[in-house]
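Shown next, in structure tokens, is the structure this report addresses.
Each value in this text was obtained by applying a stated rule to the coordinates, not by laboratory testing. Since we're looking at a predicted model, the values are computed, not measured. As a convention, Cβ positions derive from the backbone with ideal geometry for all residues, glycine included, and neighbour counts pool all protein chains shown.
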């Protein structure tokens, strides 16, 4: 029977110890979060801008803003209200649903996030029927219930002529207590 040399044994022990330590990761990482992402689904047939999906993995939230019931959209001017003690804006990325590559701007200040995304108004616009507008990335500073809501009187959808579209619902979302955390 052949015995492994010391370098082979050392390699095996090194690999084993790496596997062992990676399996013994931070125990808090495997704990269930006390909150989960919950979005309001649009009800009825009307035009709406809403959060359609979200992935929350503390401390990062990646949420999709979608729209439906809209034709010939040139752009969106969205204002979101947040609790700055619970949320920190990271970035906003346009979705691939746009027929032309949109331009966008995003900024956060105090309790507001301002998002502007669109194409030149004379290009004909894009139809949105349950299509993503873009992806919002946030850091969750406090894993407790928190709303992410549109400021409806300051948010707008613009048509291919640059005119605000009327009768659009804006539906927010947020972090809510999980069933396990809410007996």
Inset, instruction - Compute the label zone of residue 58 within the stretch 133-163: residues whose backbone N is under 17 Å from the point 7 Å along Cα-to-Cβ. - result: 138-147
Inset, instruction - Evaluate the distance, in nm, between pseudo-label points positioned 7 Å from the Cα of residue 163 and of residue 85 along their respective Cα→Cβ axes. - result: 4.5
Inset, instruction - For residue 177 paired with residue 93, estimate the spin-label separation in nm (one decimal), with each label point 7 Å from Cα along the Cα-to-Cβ line. - result: 3.4
Inset, instruction - Please give the peptides 153-165, 118-130 ranked by average Cβ packing (other Cβ atoms within 10 Å per residue), highest first, as a rough proxy for protection. - result: 118-130, 153-165
Inset, instruction - Run the quick spin-label model on residue 40 and residue 100: label points 7 Å from Cα toward the beta carbon, then report their separation in nm to one decimal. - result: 3.3
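What's the ranking of 69-78, 138-147 by average number of surrounding C-beta atoms within 10 Å, highest first? Before the final figure, lay out each step's value.
Details: 69-78: 20.6, 138-147: 16.5.
The peptides rank, most packed first, as 69-78, 138-147.
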